[in-house]
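The values are calculated or read from the model by the stated rules, or taken from the named source; none is laboratory data. None of the values given here were measured: they were computed from a predicted structure. Counting neighbours? That spans all protein chains shown, and the Cβs are built from the backbone with ideal geometry, glycine included. We work out accessible area using only protein heavy atoms, side chains counted, and drop any ligands, DNA or RNA first. Shrake-Rupley method; radii C 1.70, N 1.55, O 1.52, S 1.80 Å.
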Amino acid sequence: YYGYSIEKLKSMNISQINILSKQQIKTTIEKVKTGQENYFQHKHKLSDGSIRDVEIYSSPIEFKNKKFLHSIIHDITDKKIVEKELQKLSLAIEHNPVIVIITDIEGNIEYVNPKFTEVTGYPFEEVKGKNPRLLNSGNQSKEYFEKLWDTIHSGNVWNGEFHNKKKNGKLFWESAIISPIKDKDGIVTHFVAVKEDITEKKKM
C-alpha cells in the first residue's frame, strides 16, 4: 500500500508517513497509550508522494515485556470524495428555490427541503412518514392520480400540475416532475418530486 519494502518501513519513523507535525504525532501517540482515544482520521503519504486519507484504529499492546502500538489502517480517500459530493448535493437541494420531496416506494415522505415548508406551511417533522396526498385539495380526479402512480411505478417520469391545499387551507397550484429513483439493479426504490408554485402564473 505505501510502496515501501518491509525492510525500508522498519527503518522509518511514522512521521515520514503521517503528514502531521512531530509534536502532533507525539500527542496522538500519548492519547493512545493512555487510552484517551483509539480512532483517528489522518492523511498519509505514500512512497510516490501522493497523499491519501486514512482511518486508524490504534491501541497499546505488550509483547515480551515491551510495549508497542498496534494500528489497523484503512484507506478512506474514495469515501471522503463521495462524502464531499453528497454534501454538495445536499446543500444544493437544501437551498434549491423549488420544492423537493423524496418518498419511499409506497409514497411515504422521507425528505422535504425548506422550500416545501415555506410554500405549504408544513414542517418536515409533521409530514415525515405521511403521504403527499395530505396536500390534496380534492379538486382533481381519482383517475388523475392513478395515472400518475401507474407512470412512476413503471419506471417512467411524470409531468403535470397539482391543485393543492396548504396547511392554512389556502389553495395553490404546483407544476411537478416526479421521477423514480432506481438502485444498481434497476429496481425502483424511491420517488423524487421537484415542484414549483405556479399560482400567480395560473392567475395571469
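Take the residues of region 13-64 that are among the hydrophobic types (A, V, I, L, M, F, W, C) and more than 19 Å from Tyr2 (Cα to Cα): which is least open to solvent (accessible area, probe 1.4 Å)?
Initially, region 13-64 is screened for residues among the hydrophobic types (A, V, I, L, M, F, W, C), giving 14, 17, 19-20, 25, 29, 32, 40, 46, 51, 54, 56, 61, 63.
Then drop every residue that is not more than 19 Å from Tyr2 (Cα to Cα), which leaves 29, 32, 61, 63.
On the way: Ile29: 58, Val32: 5, Ile61: 74, Phe63: 120 Å².
Checking each candidate, the answer is Val32.
Pairs please, first residue from region 7-27 and more than 14 Å from Ile56 (Cβ to Cβ), second anywhere and open to solvent by less than 60 Å² (accessible area, probe 1.4 Å), Cβ atoms under 6 Å, 6+ apart in sequence or on different chains.
Final answer for the pair search is Ser15/Ile25; Lys22/Ser15.
Six or more apart or on different chains, Cβ atoms under 7 Å: show the pairs whose first residue is in region 110-123 and under 16 Å from Ser175 (Cα atoms) and open to solvent by 50 Å² or more (accessible area, probe 1.4 Å) and whose second is assigned to a loop (DSSP other than H, G, I, E, B) and not aromatic (Phe, Trp, Tyr).
Pairs found: Lys115/Asn96; Lys115/Pro97; Lys115/Val98.
Name the pairs: first residue in region 179-204 and closer than 20 Å to Ile101 by Cβ and without any contact (Cβ under 8 Å) to a residue 40 or more places away in the chain, second residue of a type in the set (Asp, Glu) and open to solvent by 60 Å² or more (accessible area, probe 1.4 Å), Cβ to Cβ under 8 Å, at least 6 apart or on different chains?
Listed pairs, sorted by first residue: Ile198/Glu161.
Output the residues belonging to region 127-185 that are loosely packed, with under 14 Cβ neighbours inside 10 Å and of a type in the set (S, T, N, Q).
Across region 127-185, the qualifying residues are Asn131, Asn139, Ser141, Ser154, Asn156, Asn159, Asn168.
How about region 32-136: which helices (runs of 4 or more DSSP H) wholly inside it have at least 3 residues that are polar (S, T, N, Q) and more than 26 Å from the chain's Cα centre (by Cα)? First the steps, then the outcome.
Numbers: elements: 77-94, 114-120, 124-127.
The helices (runs of 4 or more DSSP H) meeting that bar number zero.
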